[in-house]
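Below is one structure, written out as structure tokens; the observations come after it.
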Amino acid sequence: MVQIRVIRRRITAVGTIERITKTMQMIATVKFTTAVQRAKAAQPYSQKVQQLVGEVVAAAGDLQHPLVDGPAESPKRELLLVISSDRGFCGAFNANVLRKAMAHVRQLKQRSLSLDLETSGRKAVGFFRFQRVPISQRHTVGDKPRYEQIDQLAHRYIRQFSEGKYDAIRVAYMRFITNARQVAELVQLLPLKPDEPESAEAPSAAALYDFSPSTDEILDDLLPLTVKTALYQAFLDAAVSEQIMRMVAMKAATENAGDVRKTLRRTYNRARQAKITTELMEVISGAAALE
């Protein structure tokens, strides 16, 4: 009787877990749909800005700009921004990003370079606190990044880099490629490395474009815009990857809970049948003893 009660309680508990994970899966699906629409809407603009920068660079020839050349004297210091999530239950999302970031932190220590670490998301804060890596600044962006907020952050990075405070500024985040593939990446935000157009397209670009004002003045506007759009796209990709990985994780948890519930139901039925059989045998044995 005790075993049957224990199994019944386990069935109830597993059923509750199954309903919770199912609800979390549905919420993640809705958030993923919204996030992927925002990411795809911003992607063409980011790509076009990078393409335009490449064409201007090709026309300018030898490019000299503080955001491309970096500081004249190396301060032997880098800034690393790690984009994680505020909540868990999203599979290997945080583990992969934090592993990539921690590998870079160890590499900088081996090279005797200083590091200013900034984080976005509570999971990164807890991880680096456990690793005893000091965090210089924490950001609260959430799962719906706003361009105005990212613009202020990127503007500060551009100013600090232009002042020669850092050799490089990098971002560790989860890049969204497809619904089935997300990759943890460590990208260099500054100094910029503009993608030059292919050799077959470079002559046509120079022939078709007549830049006014000068290329230097255009790049003074385009290069900061490239940094801002790249950082904004990184936050959008991270938000999409978080939701789709949470959706997949909760779907697997729901299916596993359903399998456990079916197994417990079979065990419960067997225990109940064994109890009924034992009681029948006791009744039959008692009636036979009275004859």
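Could you check the range 88-123 and list, in sequence order, the residues that are closer than 22 Å to LEU236 by Cα, in a strand (DSSP E or B) and polar (S, T, N, Q)?
Correct list: THR119, SER120.
Which residue pairs have Cβ atoms under 7 Å apart, sit 6 or more places apart or on different chains, and have a first residue in the range 147-167 that is more than 23 Å from SER74 (Cβ to Cβ) and a second that is assigned to a helix (DSSP H, G or I) and among the aromatic types (Phe, Trp, Tyr)?
Once the first residue is more than 23 Å from SER74 (Cβ to Cβ) and sits in the range 147-167, its partners that are assigned to a helix (DSSP H, G or I) and among the aromatic types (Phe, Trp, Tyr) give TYR147/TYR232; ILE150/TYR232; ILE150/PHE235.
Listed residues THR23, THR12, THR29; which is closer than 30 Å to VAL260 by Cα, touching a helix residue (DSSP H, G or I) at 6+ places or on another chain (Cβ under 7 Å) and assigned to a helix (DSSP H, G or I)?
On inspection, the qualifying residue turns out to be THR29.
Say whether the condition of being within 16 Å of ALA172 (Cα to Cα) and surrounded by fewer than 18 Cβ atoms within 10 Å (Cβ to Cβ) is met by at least one residue in the range 59-76.
Pass one, the range 59-76, residues within 16 Å of ALA172 (Cα to Cα): none.
Among the residues of the range 59-76, not one is within 16 Å of ALA172 (Cα to Cα) and surrounded by fewer than 18 Cβ atoms within 10 Å (Cβ to Cβ), which makes the answer no.
Identify, by number, the condition in (1) in a helix (DSSP H, G or I); (2) in contact with a helix residue (DSSP H, G or I) (Cβ under 7 Å, 6 or more places away or on another chain); (3) under 21 Å from THR229 (Cβ atoms); (4) among the aliphatic types (A, V, I, L, M) that ALA41 doesn't meet.
(2)
Only one of (1) farther than 30 Å from ARG156 by Cβ; (2) modelled with pLDDT of 85 or more is not met by GLY61, so which one is it?
Condition not satisfied by GLY61: (2).
Please find, within the range 17-53, the residue that is surrounded by the fewest Cβ atoms within 10 Å (Cβ to Cβ) out of those that are polar (S, T, N, Q) and more than 27 Å from THR254 (Cβ to Cβ).
By that ranking, first place goes to GLN47.
Among the residues of the range 176-184, is any modelled with pLDDT of 90 or more, farther than 24 Å from ASP86 by Cβ and surrounded by 15 or more Cβ atoms within 10 Å (Cβ to Cβ)?
No, that holds for no residue.
From (1) over 22 Å from the mean Cα position of the chain (by Cα); (2) surrounded by fewer than 17 Cβ atoms within 10 Å (Cβ to Cβ), pick out the condition that doesn't hold for ILE7.
(2)
Test ARG132 against the criterion of being surrounded by fewer than 14 Cβ atoms within 10 Å (Cβ to Cβ), of a type in the set (Lys, Arg) and modelled with pLDDT of 90 or more, and give yes or no.
So ARG132 passes the test.
Which of (1) under 17 Å from the mean Cα position of the chain (by Cα); (2) in a helix (DSSP H, G or I); (3) at pLDDT 90 or above is the odd one out, the single condition LEU80 does not satisfy?
(2)
Scan the range 125-146 and give yes if some residue there is in a helix (DSSP H, G or I) and touching a residue at least 60 places away in the same chain (Cβ under 8 Å), otherwise no.
For the range 125-146, residues in a helix (DSSP H, G or I) and touching a residue at least 60 places away in the same chain (Cβ under 8 Å): absent.
LEU231 is checked against (1) buried (at least 20 other Cβ atoms within 10 Å of the Cβ); (2) touching a Lys or Arg at 6+ places or on another chain (Cβ under 8 Å) and fails just one. What number does that condition carry?
Failing condition for LEU231: (2).
Go through (1) of a type outside the set (Val, Ile, Thr); (2) closer than 23 Å to VAL36 by Cα; (3) in contact with a helix residue (DSSP H, G or I) (Cβ under 7 Å, 6 or more places away or on another chain) for SER120 and report which single condition fails.
Going through the list (1) of a type outside the set (Val, Ile, Thr); (2) closer than 23 Å to VAL36 by Cα; (3) in contact with a helix residue (DSSP H, G or I) (Cβ under 7 Å, 6 or more places away or on another chain), SER120 breaks only (3).
The values are calculated or read from the model by the stated rules, or taken from the named source; none is laboratory data. What you see is a predicted model; the values in this text were computed from it and never measured. For neighbour counting, all protein chains shown are included, and Cβ atoms are generated from backbone atoms with ideal geometry for every residue, glycine included.
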